[in-house]
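First up is the structure itself, then whatever we jot down about it.
Read-outs: derived from the displayed coordinates by stated rules, not from any lab. Note that the coordinates shown come from a computational prediction; the quantities given were computed from them, not determined experimentally. All Cβ positions, even for glycine, are placed from backbone atoms using ideal geometry, and neighbour counts span all protein chains on display.
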Amino acid sequence: MFEFLKKKKEVAAPVDGICIPMGEVKDSVFSSKMLGDGFAVIPSGDVIVAPVAGEIVMIPESKHAFGIAAPSGMEVLVHIGLDTVNLNGDGFSLLAKQGAKVKAGTPVIQVDRRRLTEQGYDLTTMLIFTEGYDREVVLDCYGQQVRAGQILING
């Protein structure tokens, strides 16, 4: 009866690229879902956006990841690339700050994708549900092109 009072859990693609299941990420920490379930995008774009509306609660000095807490109680971690923490922020530019309130689609980090891929980094970008999302993540977009800010989960 009061469905309109429930907080929606809309989740968007964090970057332009090909959407893949978490199990296909080439790092066992992510593919085994050790950090949580989610999905990944093999990027074709350079701008990583907020996948949910909420507050940016964490951006490490290395700028390779960020966390957002949504009003619904859902928390997500966006992790850009594999072993990119080793870059100590080189190749990443902040477009938003920790503590900022964002909407899904708000630019958060810009990546020098060309330079980092030339250095051999896999920039597959993972979205991990760390809190407040208790269903298995199965999306219709696997293997397909998605756009940064495109809603992939609506419910």
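When a/c is below 1.5 the answer is rounded, else prolate if a/b is larger than b/c, else oblate, so apply that to the chain with a ≥ b ≥ c taken from the square roots of the Cα gyration tensor eigenvalues.
On the way: a/c = 1.74, a/b = 1.38, b/c = 1.26.
Here the chain falls in the prolate category.
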Worksheet entry | Burial ordering of Val49, Val138, fewest other beta-carbon atoms within 10 Å first | Val138, Val49
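Sort Thr117, Thr106, Thr124 so the one with the fewest other Cβ atoms within 10 Å of its own Cβ comes first. Walk me through the intermediate numbers first.
Numbers: Thr117 15, Thr106 18, Thr124 22.
Sorted ascending by nearby Cβ count, the order is Thr117, Thr106, Thr124.
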Discussion item. Can you give the local net charge around Asp90? Use residues other than it whose beta-carbon is closer than 10 angstrom to its beta-carbon, Lys and Arg +1, Asp and Glu -1.
Written reply: +1
Worksheet, complete the sentence: Full extension between Gln110 and Asp83 adds, at 0.36 nm per residue less the Cα distance, a length in nm of 8.0 nm
Practice prompt. Quick one: which residues, 5 or more positions from Ile20 or on another chain, have an amide H under 5 Å from its amide H? H modelled 1.01 Å from N in the peptide plane, none for Pro or chain starts.
Written response: Ala40, Val41, Ile42, Gly143
Response to the item:
Once Lys and Arg are counted +1 and Asp and Glu -1 for all other residues with Cβ under 14 Å from that of Cys141, the total becomes -2
Worksheet entry | Thr84, Thr130 arranged by Cβ crowding within 10 Å, fewest neighbours leading | Thr130, Thr84
